[in-house]
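Read through the structure below, which is laid out as structure tokens, and then see the notes.
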Amino acid sequence: MVAGELVYAAPLVAEKLGLRWASLILSPSSFFSVYDPPLMVNAPWMLTVRKAGMFPYRSLFNLARVGTSHWWNPVRELRSSAGLRTSCDPLFKDKFSPYLVLALFSTWLGQAQSDWPKQTVQPGFVFHDGTTKADFIDPELNRLLNSSVPPLVFTLGSTAVGYPGDFYQTSIKVARHLGAPAVLVGASQESEWVAPNILSLPYVPYSLVFPKASVIVHQGGSGTTAQALASGRPMLFVPWGWDQPDNAMRAERRGSALSIRKDRYSIDKATLAIDRLRTAETFSKSAVAAAAHVRQEPGLKEAAECITRLLC
């Protein structure tokens with residue numbers, strides 16, 4: 001059995017059926033490392049104690065364990081009814097398989113830490129577009145991607161796109177203000193959004209459009225960030241929640257991105273940030289270095305080999 005960290009039933013099922021299983025962790029923030037602390041979306045102030053070292057973080061994480069313990073009472077009741085041990089910690093401990101933990105993100109974003117589970121292997125990102133690029137040869141898209149002026153690409157991934165707010169409307173105004181062509185991925189195709197050199201598509205493989213972009217503006221989810229890093233293009237993060245602020249912080253720390261809070265994503269702020277990302281050579285150099293690093297990681301091959309070894 002292979003399960004993501006939010007499948008809280010996985011460790012219970014594995015224990016009940018005696019299964020060897022692997023857990024998938026998609027973001028550095030999920031490890032809650034005291035040596036490489038994450039930017040917590042519900043507690044961003046925690047980063048202010050970073051300079052104090054690991055001890056404050058250890059205390060804070062222990063308090064979080066105590067404070068969230070009551071969340072798992074229904075799980076304890078279910079485990080008891082199934083004849084299993086009642087002690088559990090789905091958020092901090094049980095999501096990690098005792099057999100194999102696959103950290104499916106690049107070491108460019110987060111290096112393995114000594115407080116990660118010892119059974120962790122970090123192959124890097126695993127990529128999948130879901131279909132072939134040939135299925136998306138749209139004449140207008142092809143024209144924008146191959147024009148002399150690379151387009152801006154705006155997208156919100158697979159989750160935030162469900163409640164985009166005014167992200168796409170603001171993005172269109174930013175593109176117009178900059179006089180830049182743009183591709184909106186995941187946006188509706190409402191008539192009022194139609195404009196010269198601005199194309200709105202419900203879906204297109206990121207690996208097709210990202211490498212052709214001048215700047216990629218996205219929410220910072222793990223899959224979107226992976227494709228953006230692999231493309232070698234500068235990024236502007238507009239995090240919605242979850243692991244996204246932490247991914248943004250890490251990419252910005254490595255010099256290939258900037259970040260704007262969702263509630264501060266405005267025409268003025270986005271225009272200034274995108275213009276800086278387009279013109280400052282340091283961002284392009286860092287983005288190219290990130291792509292080279294990400295592409296040389298074994299990713300899918302090593303992940304598959306690790307899972308296969310569980311069968312032996």
> Where the eigenvalues come from the Cα gyration tensor of segment 133-296, what are the semi-axes √(5λ) of the equivalent ellipsoid, largest first, in whole Å?
Replying inline: 21, 18, 16
>> Between Ser266 and Ser158, what is the label-point separation in nm under the 7 Å Cα-to-beta-carbon projection?
In response: 3.5 nm
> Regarding the chain, what whole-number volume in Å³ per residue does the convex hull of its Cα atoms give?
Replying inline: 153 Å³
>> Under a crude label model (7 Å from the Cα following the beta-carbon direction), how far is Lys93 from His70 in nanometres?
In response: 2.1 nm
> What's the exposure ranking of Leu310, Leu12, Leu6, going from fewest to most Cβ atoms within 10 Å?
Replying inline: Leu6, Leu310, Leu12
> Rounded to the nearest 500, what is the chain's calculated 222 nm mean residue ellipticity when only DSSP H runs of at least 4 contribute -39500 (n - 2.57) each, over all residues?
Replying inline: -11000 deg cm²/dmol
> Excluding same-chain residues fewer than 8 positions from Lys173, which lysines have a Cα within less than 18 Å of its Cα?
Replying inline: Lys262, Lys269
>> Starting from 0.36 nm per residue, how many nanometres of slack lie between Ser147 and Leu6 once their C-alpha separation is accounted for?
In response: 46.6 nm
> Which is farthest toward the positive dipole end of the chain among Pro181, Ser171, Phe127, measuring Cα position about the Cα centre, with Cβ charges +1 (Lys, Arg) and -1 (Asp, Glu)?
Replying inline: Phe127
> If the cut-off is 17 Å between C-alpha atoms, which lysines fall inside it for Lys285, apart from same-chain ones fewer than 8 positions away?
Replying inline: Lys212
> What distance in nm separates the simple spin-label points at Ser81 and Val41, each placed 7 Å from Cα in the Cβ direction?
Replying inline: 3.0 nm
>> With unit charges on the beta carbons (Lys and Arg positive, Asp and Glu negative) and the dipole taken about the Cα centre of the chain, which residue among Gly221, Pro38, Ser148 sits farthest to the positive side?
In response: Pro38
> Within straight cross-link reach of Lys301, meaning Cα distance under 19 Å, which aspartates and glutamates are found once same-chain residues fewer than 8 apart are removed?
Replying inline: Asp129
>> To test your reading of the geometry: what angle, between 0 and 90 degrees and rounded to tens, separates the Cα axis of helix 167-178 from the longest principal axis of the chain?
In response: 40 degrees
>> Please give the charge dipole size of segment 133-296, origin at the Cα centre, charges +1 on K and R Cβ atoms and -1 on D and E Cβ atoms. Round to the nearest 20 debye.
In response: 560 debye
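Each reported figure results from applying straightforward, stated rules to the coordinates on display, with no laboratory input. In this text the structure is predicted, and so the values were computed from the model without any measurement. Note that we place each Cβ from the backbone using ideal geometry, even for glycine, and neighbour counts take in every protein chain shown.
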